[in-house]
Amino acid sequence: MASSSSLTSCTLHRDMSVPRVIKCHKEFICYQSSLLCKQSVHSTSISVSDGPTYLRFFPTEKALVWEQTRKFLPRNGSRCHALDFENPSSFSVGEKFQLDDVIEAQQFDRKILNAIFEVAHEMEKIEKNSPGSQILKGYLMATLFYEPSTRTRLSFESAMKRLGGEVLTTENAREFSSAAKGETLEDTIRTVEGYSDIIVMRHFESGAAKRAAATANIPIINAGDGPGQHPTQALLDVYTIGREIGKLDGIKVGLVGDLTNGRTVRSLAYLLAKYQDVTIYFVSPDVVKMKDDIKDYLTSKGVEWEESNDLMEVASKCDVVYQTRIQRERFGERIDLYEEARGKYIVDRDVLSVMQKHAVIMHPLPRLDEITVDVDADPRAAYFRQAKNGLYIRMALLKLLLVGW
Amino acid sequence: MASSSSLTSCTLHRDMSVPRVIKCHKEFICYQSSLLCKQSVHSTSISVSDGPTYLRFFPTEKALVWEQTRKFLPRNGSRCHALDFENPSSFSVGEKFQLDDVIEAQQFDRKILNAIFEVAHEMEKIEKNSPGSQILKGYLMATLFYEPSTRTRLSFESAMKRLGGEVLTTENAREFSSAAKGETLEDTIRTVEGYSDIIVMRHFESGAAKRAAATANIPIINAGDGPGQHPTQALLDVYTIGREIGKLDGIKVGLVGDLTNGRTVRSLAYLLAKYQDVTIYFVSPDVVKMKDDIKDYLTSKGVEWEESNDLMEVASKCDVVYQTRIQRERFGERIDLYEEARGKYIVDRDVLSVMQKHAVIMHPLPRLDEITVDVDADPRAAYFRQAKNGLYIRMALLKLLLVGW
Amino acid sequence: MASSSSLTSCTLHRDMSVPRVIKCHKEFICYQSSLLCKQSVHSTSISVSDGPTYLRFFPTEKALVWEQTRKFLPRNGSRCHALDFENPSSFSVGEKFQLDDVIEAQQFDRKILNAIFEVAHEMEKIEKNSPGSQILKGYLMATLFYEPSTRTRLSFESAMKRLGGEVLTTENAREFSSAAKGETLEDTIRTVEGYSDIIVMRHFESGAAKRAAATANIPIINAGDGPGQHPTQALLDVYTIGREIGKLDGIKVGLVGDLTNGRTVRSLAYLLAKYQDVTIYFVSPDVVKMKDDIKDYLTSKGVEWEESNDLMEVASKCDVVYQTRIQRERFGERIDLYEEARGKYIVDRDVLSVMQKHAVIMHPLPRLDEITVDVDADPRAAYFRQAKNGLYIRMALLKLLLVGW
């Protein structure tokens, strides 16, 4: 919960809502009540009074700490959140680190990715009714879904329950009586944070998760906000490559299918750029090619990439063939274009036959027929293991956000 | 669970469904099977056989106790419930008291309100993973919502889980396959009570909660029945005033906004009449003024009240400014009237500037623009704390209904 | 978990998903990866390596065991399921037995029925917070409902929670984002089985449960698949007769109402044929008579049956009067036929008056007016106890499927 764990570990557990230390990078907004006692400290312990105490600690050169007594705290006088994650410094403080929110794939540097993956790997080993299965006992997660996404919701809820935590579910938050009556997202968040310790939010508007995080005093996880971000999918994709191939540096990845609209492949390309000697092949129908922004970004990071029309040739040299679904809804009335694009690059047993023994096929699911069913039985078909890895990644994130490293 | 706790404490926990002692005021109905062994007792201990035993105890002058053996119990031969809560005598028996159902604000006298608030205050102090957080372990609450109200549902479910209890959720009970097929509410209740220990019900029809309570052998909490009652909101409002102002006698409360249709302000006025030296100011557009029934009631109880057009003047002398939303849906096609009413009394920083230092602004939420967002950061903005208090009130009610004082 | 419990008890709990031993009768399909190490064993212990190990054990004369190391397991290379339950041999192995899936009423022989009922009867005795109430602690059940059935869902979820287990709920799996996008049931199952230990599925298509069971590596319970099966209802009906009448051999049962469309009465007739000296009376309007297939089956099994128009006469000699709802949706535009059929055989106090003292009235619920409300208070009205028995049957099945006998 704290950058320096000794600072807050005991005294902050006196109230039901989870105290958090908010770290802000580059910019932050702080509303503070005139009743708050503001102090300048650097890395010292704070003597806290008998009642519950809330701290806001900023590990910047200014190093401010706001101390609030119980009396003042409920007045909601202080909110502080990072508004800009684009180029955060590492979250680590000494050998520890603490996540505050999971908003977008860009917020993670390689060091944090590795730490998350390390925790996720530990999660794979947690046994039923072992002590590890109770580390989130007493914690309550709210799944606030403004659009249905049963797969993602179940994955998060399973993760929470596998760690002994509890869940409040709402799958139709859009019909949230108050939202329907015109309540702002911010007001909804302020209400729901009173009932829970962490909010997993799915929203139809890009940027909604960032707004929620700027409001909430508890951690927010973005489970997808419209055409925007779906960072836990990006994390599980990279984690799966690491688990399946055994390394992330020096790999060759073929991204296949709808590269224009698939936020999954865009995020994946972005994260792979953090590793060394990565080569990416784009294989897509002409109407849904990878956009220039990602290509330029890869080039700027020294990642080799090329476009290809030859799935067989790409498959034969890649470590990972990452297939995606051609999204019909993107084609409007041009069903003809959709049908043409859709049938162009199918992963079937022929593709399998040219792939290397250690290579794998991945897919974010759901799949239609872009991977044929007869591929499933091959050990190189990694997509259901990939889905399962989503569970471990989400367990890891919940642990890191709620109880820290 | 029992008026006299020694009477039932041990033996009654042998079955899964929670035994309850039903106290009836003024009227009651009792169906009893001819197989039941009826006895007249007054305040004596009952020797119970080895098997599970169910008791119905009526603390009236007739003091009947029905004892049922396991053999007879499942035959559902005995149901007994208060049908009239209008003027109940106090629920307390000696120094103890026991709630059976929470149906309407009118069922509570001042003594019971204080007892509930005392328990709610204890609930604020329950820490994660402390013994107090497990007092409802093993209990199962069903949320039977015939219309969605995510905010209220999450608040109840959080309350239950914060106390270690478990939840069965249904947010679309109206589409309950059986309800859609024409099943009566009574039949649904009889089925659901077989699966749970307490039912929290939201219904679209006024009086539905009372019907459910008359059927059920387990406690019912009314989470709003149509234009009727929403007693837990009324309780949390009064609790919040007590917590924020430090007293309930001798206070001045301004009720602002839609006073015709807002069931919240009507219930609040009703409950405030139980306290001494209360003054109430009604500030509302002409089309949504407080109705005469409440005014007459307040007068009959010696509560001072007056109507005012001057929000600034009222705000300057009140302890509580209770703002409400003008409900567009009440205006039908007269959007012009709605727009006029809506903009008339806005709580903004100007209103804040005349308010006393100790005074607070409350709102049942959701709010639109009847309180401007720049008010939120002021410590006197109590509405999000008010929402959080709903959690403590619901925790208290669940405790009182399931395990007693 | 295992046919021979010593075989798997310890080592198999190292992973989150529950290992199962799949027994196949008559036919099975097995996809196996070439990477799998196949062994022939009979009833020997297997030395397992340090990592988690998954076993598939077939208690046929061939007695194959597939052992998979952690490395190979996630590759999903092995799936094996019974596809034909029509005439299974008993599930018992020695004095033990193990259920794998609950797909249709026909899969149970009398021996297994008795075993399930014995466990259900134990479930009735489990007290709140007793050790028995925690036997499924750490287990996670997913309710995957492709059509809403709140009653059935709540019953299963209550059963799971009464045994200390946890639940992932989805009531609108049809709108499962992935299903809506065209994902196959098989892919959905493969994803959801990664998040849970058992899946309770309701589907709109006959045969869906069998398809799910053929895919899943965890147990599937059919909670109704379209016009097909609803085996847990059939089990609770037979269990209720046994509990109410005290025996299943030598009983007389009147099946009343819609015998054409009611899958409940059809399954019940099927299961009753497993008992001795059973007599069945069919009492139904002409338009909804029992079909010949069941009549022929009963005859072939030596069960006496007859059709009657005289409900009073049947009621006077039966042990069980099983009333059902005339389903309006089956009559299309012929409302006149529906109205005629509907009013023909009503169970009311007149029917009660001719029934024997020990006899009972049952109904699968929901009821409309085919049983009048004034019957409810009579101890022979067993239908709400019947609904409650559904809880015990489901608790028993969850126990048997997850931790075995």
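Read-outs throughout are calculated quantities, based only on the coordinates presented, and are distinct from any laboratory measurement. Only a predicted model underlies this, so the values are computations on that prediction, with no experimental measurement involved. Note: ideal-geometry Cβ built from the backbone for every residue, glycine included; neighbour counts use all protein chains shown.
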note = Given a Förster distance of 41 Å, the FRET efficiency implied by the Cβ-Cβ spacing of C:D336 and B:E333, rounded to the nearest 0.05, works out to 0.50
key: Note, ³J(HN,Hα) from phi for the range C:332-349, Karplus 6.51, -1.76, 1.60, rounded to Hz, x at Gly and Pro   = x, 8, 7, 4, 4, 5, 4, 4, 5, 5, 5, x, 6, 10, 9, 8, 10, 5
remark   = Rounded to the nearest Å, the spacing of the alpha-carbon centers of the range C:352-366 and the range B:232-247 is 51 Å
task = Report the calculated FRET efficiency for C:R349 and C:E205 (r = Cβ-Cβ distance, R0 = 51 Å), to the nearest 0.05.
result = 0.75
key: Mean shadow area of the range B:179-226, taken as a quarter of the surface of its Cα convex hull (nm²)   = 3.0 nm²
key: FRET efficiency, A:N129 to A:V403 (Cβ-Cβ, R0 22 Å, nearest 0.05)   = 0.70
message = Let me check I've understood the local charge: for C:F117, count other residues with C-beta under 14 angstrom from its C-beta, Lys and Arg +1, Asp and Glu -1. What total comes out?
response = +1
request  = Enumerate the calculated ³J(HN,Hα) couplings along the range A:287-292 in order (Karplus 6.51 cos²θ - 1.76 cosθ + 1.60, θ = phi - 60°), each rounded to whole Hz, writing x wherever the residue is Gly or Pro.
outcome  = 6, 10, 6, 4, 6, 5
query = Can you give the net charge of the other residues whose Cβ lies under 9 Å from the Cβ of C:T191, counting K and R as +1 and D and E as -1?
reply = 0
ask   = What average number of partner chain Cβ atoms lie no more than 10 Å from the Cβ of the residues making up C:353-365?
value = 1
request  = With unit charges on the beta carbon (Lys/Arg positive, Asp/Glu negative), name the residue among A:G182, A:S196, A:S158 whose Cα is farthest towards the positive pole of the charge dipole of the range A:126-229.
outcome  = A:S158
request  = Averaging sequence separations of C-alpha pairs under 8 Å and six or more residues apart, then dividing by the length of the range A:126-229, give the relative contact order as a whole percent.
outcome  = 27 percent
task = List the equivalent ellipsoid semi-axes of the range B:232-388 in whole Å, largest first, each obtained as the square root of 5λ for an eigenvalue λ of the Cα gyration tensor.
result = 22, 19, 14
Axis proximity, chain B to C: residue whose C-beta lies nearest, plus whole-Å distance = B:T169, 4
query = What are the semi-axes of the equivalent ellipsoid for the range C:126-229, taken as the square roots of 5 times the Cα gyration tensor eigenvalues, largest first, in whole Å?
reply = 25, 14, 12
Principal axes of the range A:177-291: Cα extent on each, largest first, Å = 48, 33, 18
ask   = Hey, got the average number of other protein chain Cβ atoms within 10 angstrom for residues in B:144-157?
value = 5
remark   = A:V287 and C:K357 label points (each 7 Å along its Cα→Cβ direction) are spaced in nm at 8.0 nm
ask   = About the Cα centre of the range A:126-229, what is the dipole size in debye to 20, counting +1 per Lys and Arg Cβ and -1 per Asp and Glu Cβ, all else neutral?
value = 280 debye
query = Among B:203-211, A:335-343, what's the highest-first ranking by average C-beta atoms within 10 angstrom per residue?
reply = B:203-211, A:335-343
query = Which whole-number percentage describes the relative contact order of the range C:232-388, with Cα contacts under 8 Å and a sequence gap of 6 or more?
reply = 24 percent
message = Under 5 Å between amide hydrogens, which residues at least 5 positions from C:V167 or on another chain qualify, with H placed 1.01 Å from N in the peptide plane?
response = C:M141
remark   = Partner shielding of A:161-174, taken as the mean number of other chain Cβ atoms within 10 Å, equals 6
inquiry  = Explain nothing, just compute: Karplus ³J(HN,Hα) = 6.51 cos²θ - 1.76 cosθ + 1.60, θ = phi - 60°, for every residue of the range A:255-270 in order, whole Hz, x for Gly and Pro.
reply    = 9, 10, x, 7, 8, 6, 9, x, 5, 4, 5, 5, 5, 4, 4, 4
query = What number comes out for the charge environment of C:I346, summing +1 per Lys or Arg and -1 per Asp or Glu over other residues with Cβ under 11 Å away?
reply = 0
